[in-house]
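What follows draws every value from the coordinates through simple rules; no lab data is involved. Just so you know, these numbers come straight off a predicted model, no measurement behind them. Counting neighbours? That spans all protein chains shown, and the Cβs are built from the backbone with ideal geometry, glycine included.
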Amino acid sequence: MIGRSGRIMRVRLCQNGRRWYTPALVTFRRFFPGYLFFALLLVVAPPEAHTLSFWDEEPASTLVPRLVEAMSPEELIAQTLMIGWLGETPSPEIMEWIERSNLGGVKVFGWNGGNLTRLAETIGAMQTVAGEHRLGIPLLTATDQEGGWVRHVKGSGDLTTRITPGNMAIGASDLPYDAYQSGYHIGLELRALGINMNFAPTIDVYVNPEAHVIGPRAFSDDPVQSGVLGAAFFQGHEDARVIATAKHFPGHGNAAEDSHGVLPVIQDDMQVLSERDLVPFRMLIRAGVPAILSGHLNFPAVTGDTRPASLSAFFKQRLLREEMGFDGLVITDDLYMGGAWEYGADASWGIAEIVTEALAIGTDMVMLSQTPEYGGEMLVGLLERFETDEGFASTIREAAERVIHVKIEYLKGEDRVPLQPDPALLPELIHEATGTAFFRDQAARSVAIARPEGIPIAVDERVLLVGKDRDFLSIGSELIENSETYAIQSTRFAGPSAAEIDSVRRAAAGFDRVIVCLSDPYTGSIINGLRDAGIQTTAFSILTPVYLQQLGWLDSAIAVFGWGEESFRAGFSVLLGRTPALGTMPVSIEPPAQ
């Protein structure tokens with residue numbers, strides 16, 4: 001219960017099976033057993049709890065206001081929270097949030113998705129507890145399964161989700177069909193696990209080669225193409241009945257820093273944002289995307305301050321709501337990320353103040369990768385603000401209404417993502433053959449020849465394969481008969497030593513061609529070290545091709561945009577002349593001006 005100060009007043013209760021009694025009721029039961037049932041109806045289950053439920057057959061236009069009116073401040077606030085948990089099974093902390101407050105949502109991170117059977121069981125257990133709450137509002141169960149590089153739910157052993165070619169491969173084929181089918185088949189995997197919301201598609205316009213955290217997660221450097229393909233991906237999710245979320249508003253594609261660690265400062269003005277980064281968001285809003293995720297990105301030339309967009313009333317209210325007309329869910333990226341904490345530290349805020357501010361400026365849901373203590377500083381602070389600030393209370397009610405509206409739209413119909421996924425069906429649903437065939441074909445359609453000299457390779461060439469990726473080396477040696485491999489052991493992103501470059505040069509002596517898997521600046525430096533070695537050098541670019549910009553002298557290169565087996569096989573097939581290169585470069589790779 002909540003005291004006048006807004007603090008949670010803890011009441012010691014005795015547990016008897018699945019019912020809760022006060023000590024007085026236990027005594028009452030001992031001496032007056034004939035009246036126990038009626039006492040429980042009055043004390044534990046007031047009549048209102050039996051006359052109103054999320055599952056009532058009533059139009060959302062009337063049911064949602066009734067649900068919100070019946071909710072306590074704690075329950076209203078809980079609907080605005082999407083919380084992560086530790087481990088592959090439900091933690092006691094997250095289950096307490098669900099049971100006591102009817103939590104709005106949970107976020108599945110990589111550390112939760114190592115065992116798909118266990119994950120499906122965990123989601124089912126969480127939804128069961130949510131359904132036992134007096135209003136029975138189910139959870140949003142969300143993850144980041146973008147396709148390609150970002151894949152939080154992986155699995156292990158014989159039961160894993162697919163490594164798909166990814167968004168930039170879709171940009172290379174430039175087919176809305178590929179975007180739709182990718183969204184659809186990724187959506188089918190998620191719904192099999194009971195995951196009903198995905199933080200995808202990524203529609204950032206990839207204009208900055210230093211935006212390494214975005215890279216192949218973007219479709220291209222073209223705003224309209226990004227919007228068209230993002231809308232098709234969203235429609236694929238719609239048909240799988242998974243809630244799509246466009247990100248990272250207002251655009252992460254020109255950020256040289258990673259918002260996981262720091263707050264990127266982007267100097268673009270409003271005109272640039274409007275004509276470039278906001279274009280795909282406008283297109284997806286018109287297409288009906290139900291949710292948008294805001295990034296931790298600062299635009300001082302737009303707002304005149306140091307706030308990230310995730311904590312900015314200008315971006316959330318004036319721009320997104322009023323000017324762009326978006327009326328769906330607005331969700332923050334994880335508020336434990338450095339991009340939010342850096343601003344919070346400057347303002348002398350902890351997580352309680354950051355969460356409160358994010359909600360106060362018009363966010364509908366905040367994402368938290370860590371589980372805060374139930375009844376701790378964060379919840380107490382939110383409740384105190386709710387009780388003392390009517391404007392804040394009104395904002396929370398509006399946010400809860402939007403959350404529940406989305407839940408009614410997506411989680412009540414017969415075609416909804418199952419609240420109780422069946423683990424026994426996972427092998428059949430995760431490995432469905434149609435999706436496997438599609439992603440193989442899509443990888444083949446996306447291969448692009450960036451620089452054509454010496455492609456295809458001659459059948460009698462002696463080839464040295466150089467790279468970090470084991471699949472590149474193993475698949476290449478399987479398909480190129482007269483080949484050997486050189487494995488790069490370093491995991492560093494940039495800066496091979498002179499000794500390692502010399503080692504590669506010595507290993508390449510006597511070969512007709514060296515094919516290097518270009519995956520980062522480190523492998524780009526390896527290629528530069530072969531410039532005057534007198535050996536035909538071909539770059540096999542994976543993920544983002546922007547590292548070719550630093551290799552202006554290189555005249556032989558192909559690009560694939562994924563890092564799975566299908567992408568490697570498709571690339572080698574083009575190199576060997578067995579299949580044509582059908583893809584085009586989705587980003588500019590012209591060398592920088594000298």
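For the chain, what proportion of DSSP beta bridges, expressed in % and rounded to the nearest 5, is antiparallel? Among the beta bridges of the chain, antiparallel pairing accounts for roughly 25 percent. Entry note, the chain: relative contact order of 15 percent, from Cα contacts under 8 Å with a spacing of 6+ residues.
Of the residues Ala125, Pro423, Thr332, the one whose Cα sits farthest toward the positive end of the charge dipole of region 48-434, with +1 on the Cβ of Lys and Arg and -1 on the Cβ of Asp and Glu, is Pro423. What separates the Cα centres of region 300-337 and region 520-552 is a distance of 39 Å. Taking a ≥ b ≥ c as the square roots of the eigenvalues of the Cα gyration tensor, an a/c ratio of 1.5 or more together with a/b no larger than b/c marks region 237-297 as oblate. Residues whose amide H falls under 5 Å from that of Ile243, counting only those 5 or more places apart or on a different chain, are Met197, Asn198, with hydrogens built in the peptide plane.
The listed peptides 379-388, 322-331, 118-127, ordered by packing as a protection proxy, come out as 118-127, 379-388, 322-331 (highest mean of other Cβ atoms within 10 Å first). Using every Cα-Cα pair within region 251-345, state what percent have a distance larger than 19 Å. Roughly 37 percent, rounded to a whole number. Note on region 48-434: with charges restricted to the Cβ of Lys and Arg (+1) and Asp and Glu (-1), its dipole about the Cα centre is near 540 debye.
On the beta carbon distance between Glu428 and Arg578, with R0 = 45 Å, the FRET formula returns roughly 0.90. Stretching Arg282 away from Glu461 to a fully extended chain increases their span by 59.3 nm, per 0.36 nm per residue minus the current alpha-carbon distance.
Evaluated at q = 0.10, 0.21, 0.23, 0.25 Å⁻¹, a Debye calculation over the C-alpha positions of region 332-428 (equal weights, vacuum) places log10 I(q)/I(0) at -0.39, -1.09, -1.20, -1.30. Near the amide H of Gln79, under 5 Å away, which other amide H atoms are found, from residues 5 or more places off or on another chain, if H is placed in the peptide plane? Placed amide hydrogens put Gly104 under 5 Å from Gln79. Dimensions of region 40-182 from C-alpha coordinates, computed as largest minus smallest value along each principal axis and given longest first, are 62, 35, 23 Å. Mind grabbing the base-10 log of I(q)/I(0) for region 446-575 at q = 0.09, 0.11, 0.17, 0.23 Å⁻¹? Debye formula, identical points on the C-alpha positions, no solvent, two decimal places. The calculated log intensity ratios at q = 0.09, 0.11, 0.17, 0.23 Å⁻¹ are -0.20, -0.31, -0.80, -1.69. Evaluating 6.51 cos²θ - 1.76 cosθ + 1.60 at θ = phi - 60° for every residue in region 206-211, the Karplus couplings come out as 7, 9, 10, x, 7, 7 Hz, glycine and proline recorded as x. The peptide list 218-231, 81-94, put in order of mean Cβ contacts within 10 Å with the highest first, becomes 218-231, 81-94. Taking a straight Cα-Cα cut-off under 27 Å and skipping sequence neighbours fewer than 8 places away in the same chain, the lysines within cross-link reach of Lys412 are Lys107, Lys247. With all pairs of different C-alpha atoms in the average, the Kirkwood value for the hydrodynamic radius of region 131-181 is 13.6 Å. Please give the residues of region 354-383, grouped as numeric ranges, whose backbone N is less than 18 Å from a label point set 7 Å along the Cα-to-Cβ vector of Asp389. Only 354-367, 377-383 fall inside the zone, counting backbone N under 18 Å. For the chain, the membrane-span-like helix rule (DSSP H, alpha carbon extent of at least 27 Å along the helix axis, mean Kyte-Doolittle at least -1.0) picks out 390-411; this says nothing about an actual membrane. Amide H to amide H distances under 5 Å link Gln536 with Val514, where only residues 5 or more positions off or on other chains count and H is placed in the peptide plane. For Asp56 and Glu275, what is the calculated FRET efficiency with R₀ set at 41 Å and r taken between the beta-carbons, to the nearest 0.05? Rounded to the nearest 0.05, the efficiency is 0.30.
Under Stokes-Einstein, with the Kirkwood radius over Cα pairs as Rh, the value for the chain at 37 °C and 0.692 mPa s is 127 µm²/s.
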